[in-house]
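Below you'll find the structure, written out as structure tokens, and then a few comments.
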Amino acid sequence: MAEETTKIPVDETGRATRKVTLDVEIEPRKVADIGPNPYQKIIHVAEAVDAWRIFPRAFISVYMFLLYHVVIWYTTLDAPTMEQSGLISVVVGAGAAWFGLYTGSGKGKSVKVKSSE
């Protein structure tokens, strides 16, 4: 019995390579037409809330209210302790974080510059 061996081509790196032709038939899936999107109204509301930036503005408003009352409370203290000063420091520091998040959120506005050429 003689064994048949086939030679596989080897590329420059020493790897065996072989070209194979493959025929594939793909049938498109049949999707049932269910009519208009039943969630379209909810999508419109979500886009409006996003465009109006309701939640970031509400958070900034609540923070401003909190900051005002905390500062008024702190200024009425006769002899503030280290803990009370730390609380004020944290509240004011959080304001910087809130402001950074507020200004960094939202869609970036692109400016188109027309060239004079």
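The values are calculated or read from the model by the stated rules, or taken from the named source; none is laboratory data. Predicted, not measured: the structure shown is a model, and the values here were computed from it. Counting neighbours? That spans all protein chains shown, and the Cβs are built from the backbone with ideal geometry, glycine included.
Considering Val71, Val31, Val111, Val20, the condition of being modelled with pLDDT of 85 or more and among the aliphatic types (A, V, I, L, M) is satisfied by Val71 alone. If you go through the stretch 43-56 one residue at a time, do you hit one that is aromatic (Phe, Trp, Tyr) and modelled with pLDDT under 90? Within the stretch 43-56 (the criterion being aromatic (Phe, Trp, Tyr) and modelled with pLDDT under 90), the answer is yes, since at least one residue qualifies. For the structure I just gave you, tell me whether Leu67 is surrounded by 10 or more Cβ atoms within 10 Å (Cβ to Cβ), part of a helix (DSSP H, G or I) and aliphatic (A, V, I, L, M). Taking the combined requirement at face value, the residue satisfies it.
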